[in-house]
1. Looking only at the stretch 2-28, filter to residues that are exposed (fewer than 12 other Cβ atoms within 10 Å of the Cβ) and of a type in the set (Asp, Glu); which one of those is modelled with the lowest pLDDT?
2. Of the conditions (1) surrounded by 15 or more Cβ atoms within 10 Å (Cβ to Cβ); (2) within 20 Å of ILE77 (Cβ to Cβ); (3) touching a Phe, Trp or Tyr at 6+ places or on another chain (Cβ under 8 Å), ALA31 clears all except one; give me its number.
3. Of the numbered conditions (1) under 9 Å from the mean Cα position of the chain (by Cα); (2) surrounded by fewer than 18 Cβ atoms within 10 Å (Cβ to Cβ); (3) not polar (S, T, N, Q), GLU57 fails exactly one; give the number of that condition.
4. With the requirement that a residue be touching a residue at least 24 places away in the same chain (Cβ under 8 Å), part of a loop (DSSP other than H, G, I, E, B) and closer than 18 Å to PRO2 by Cα, what does the stretch 19-68 give you?
5. Does the stretch 3-14 include one or more residues that are assigned to a loop (DSSP other than H, G, I, E, B) and aromatic (Phe, Trp, Tyr)?
6. I'd like the full set of residues that are over 14 Å from GLY63 (Cα atoms) and in contact with a strand residue (DSSP E or B) (Cβ under 7 Å, 6 or more places away or on another chain), limited to the stretch 14-48.
7. Only residues that are surrounded by fewer than 16 Cβ atoms within 10 Å (Cβ to Cβ) and either in a strand (DSSP E or B) or not acidic (Asp, Glu) (or both): list them for the stretch 69-79, please.
Amino acid sequence: MPRLHLNIYNDSIAIDEDGAEYKDLAAAKRAAIDGARALMAEHVLHGRPITLSHRIEIADETGKPLATLPFREMITIID
């Protein structure tokens, strides 16, 4: 199983130094989406704004980006 890193780019940059083993890139994407949604929910619970341009980048062990998931693609807002 590949070791992938979920790096968060929001108000600060949080580089996932250790990474984790995922079955495949799709599994890492699901984990990234769950994590991003949890972060956004925490912001909503505390009345803080959500910046939809923030993102999670999935990188391989060499640091090569494999996917970028903007927060805006992880939620649905109906006005």
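The values are calculated or read from the model by the stated rules, or taken from the named source; none is laboratory data. The model shown is predicted, which means the values in this text are computed figures rather than measured ones. All Cβ positions, even for glycine, are placed from backbone atoms using ideal geometry, and neighbour counts span all protein chains on display.
1. ASP11
2. (2)
3. GLU57 satisfies every listed condition except (2).
4. GLY19, ASP60, GLU61, GLY63
5. Taking the stretch 3-14 first, the residues assigned to a loop (DSSP other than H, G, I, E, B) are 10-12.
Filter once more, so that each one left must be aromatic (Phe, Trp, Tyr): none.
Looking through the stretch 3-14, none of the residues is assigned to a loop (DSSP other than H, G, I, E, B) and aromatic (Phe, Trp, Tyr).
6. The answer is GLU21, TYR22, LEU25, ALA28, LYS29, ALA31, ALA32, ILE33, GLY35, ALA36.
7. Once the filter is applied, which keeps residues that are surrounded by fewer than 16 Cβ atoms within 10 Å (Cβ to Cβ) and either in a strand (DSSP E or B) or not acidic (Asp, Glu) (or both), the stretch 69-79 yields PRO70, ARG72, ILE75, THR76, ILE77, ILE78.
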